[in-house]
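Novice: Pasting in a structure now, in structure tokens, and then I'll have a few things to ask.
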Amino acid sequence: MEELQKDLEEVKELLKKASRKRIHDVLLAEKNKLEKEIKNQPPPKLKAEISEEERQPPMGYTVKINNYAWDQSDKFVKIYITLSGVQHLSAENVQVHFTERSFDLLVKNLNGKNYSMTFNNLLKPISVENSSRKIKTDMVLILCRKKEEEKWECLTQVEKETKEKEKASYDTSDPSEGLMNLLKKMYAEGDDEMKRTINKAWVESREKQAKEDMPLDI
């Protein structure tokens with residue numbers, strides 16, 4: 001396109017200087033030909049748009065977000081998600097979908113990757129129309145508007161049930177039974193060193209109990 005334009009300008013200059021009719025007619029025909037070629041070229045704007053599209057980085061794979069922090073006020077449950085550089089994205093690339101008991105976040109094309117987070121079975125109902133998200137420096141803030149202004153002890157129903165099961169496993173009327181359940185949990189979740197320590201304490205405890213139960217010689 002640029003070269004054709006240069007050729008056309010040069011032909012126009014030669015036309016001004018041509019004094020012989022034959023030369024003038026040849027140059028005029030060439031001028032008309034160049035103008036027709038230029039007219040049939042794609043418009044510069046379209047070409048620029050294609051170039052811009054080609055410069056867009058390819059969409060990468062989706063990373064599941066597992067790390068977050070949360071707190072609450074009387075009206076909102078607030079979830080903080082750290083994502084470096086998220087403030088540079090357009091608002092359309094940070095999407096949150098709310099339902100009464102869930103939300104899912106999708107951050108598109110951040111440093112060549114997508115990021116997603118889903119929370120199902122929220123502890124209590126939220127107001128969909130009054131919930132929102134804010135984009136801050138290196139952070140996305142999810143604001144879930146509580147339907148009832150009451151304190152949440154955790155974010156989801158699953159978390160609540162897990163805490164209740166853990167509490168029940170060692171919260172018994174018999175203190176020794178509660179301690180035993182706690183030791184079993186520590187053993188199941190501990191590393192090799194923790195397991196050796198618990199095993200040693202268990203053996204020593206059994207040996208001590210055996211000695212105390214042994215009858216005295218008369």
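Novice: Within the stretch 68-112, which residues are in contact with a Ser or Thr (Cβ under 7 Å, 6 or more places away or on another chain) and either among the charged types (D, E, K, R) or over 24 Å from Glu150 (Cα atoms) (or both)?
Specialist: Matches in the stretch 68-112: Gln87, Asp104, Leu105, Leu106.
Novice: Another question, then. Determine which single condition Cys154 fails, assuming it passes every other condition in (1) free of Cβ contacts under 8 Å to residues at least 40 places away in the same chain; (2) open to solvent by less than 60 Å² (accessible area, probe 1.4 Å); (3) part of a strand (DSSP E or B).
Specialist: (3)
Novice: Please verify whether the stretch 51-66 includes one or more residues that are modelled with pLDDT under 95, under 30 Å from Glu148 (Cβ atoms), open to solvent by 60 Å² or more (accessible area, probe 1.4 Å) and not in a strand (DSSP E or B).
Specialist: Checked against the condition, which is being modelled with pLDDT under 95, under 30 Å from Glu148 (Cβ atoms), open to solvent by 60 Å² or more (accessible area, probe 1.4 Å) and not in a strand (DSSP E or B), the stretch 51-66 yields at least one hit.
Novice: Confirm whether Val107 is in contact with a Phe, Trp or Tyr (Cβ under 6 Å, 6 or more places away or on another chain), in a strand (DSSP E or B) and not basic (Lys, Arg). Break it down stepwise before answering.
Specialist: Working: in contact with a Phe, Trp or Tyr (Cβ under 6 Å, 6 or more places away or on another chain): yes; in a strand (DSSP E or B): yes; not basic (Lys, Arg): yes.
Against the criterion (in contact with a Phe, Trp or Tyr (Cβ under 6 Å, 6 or more places away or on another chain), in a strand (DSSP E or B) and not basic (Lys, Arg)), Val107 qualifies.
Novice: Can you tell me which of (1) modelled with pLDDT of 65 or more; (2) not in a strand (DSSP E or B) is the one Val96 doesn't meet?
Specialist: (2)
Novice: Just a yes or no: is a residue in the stretch 77-97 within 25 Å of Thr162 (Cβ to Cβ), open to solvent by 50 Å² or more (accessible area, probe 1.4 Å) and over 18 Å from the mean Cα position of the chain (by Cα)?
Specialist: Filtering the stretch 77-97 for residues within 25 Å of Thr162 (Cβ to Cβ) gives 77-82.
With the extra rule that they be open to solvent by 50 Å² or more (accessible area, probe 1.4 Å), the set shrinks to 78, 80, 82.
Remaining after also requiring over 18 Å from the mean Cα position of the chain (by Cα): none.
Within the stretch 77-97, not a single residue is within 25 Å of Thr162 (Cβ to Cβ), open to solvent by 50 Å² or more (accessible area, probe 1.4 Å) and over 18 Å from the mean Cα position of the chain (by Cα).
Novice: A further question follows. Quickly run through the stretch 98-126 and pick out the residues that are over 12 Å from the mean Cα position of the chain (by Cα), exposed (fewer than 15 other Cβ atoms within 10 Å of the Cβ) and β-branched (Val, Ile, Thr).
Specialist: Within the stretch 98-126, just Thr99 meets the criteria.
The values are calculated or read from the model by the stated rules, or taken from the named source; none is laboratory data. Quick caveat, the model's predicted, so the values are computed rather than measured. A quick note on method: Cβ atoms are made from the backbone with ideal geometry, for glycine too, and the neighbour counts reach across all protein chains shown. Side chains included, ligands, DNA and RNA excluded: accessible areas come from the protein's heavy atoms. Shrake-Rupley method; radii C 1.70, N 1.55, O 1.52, S 1.80 Å.
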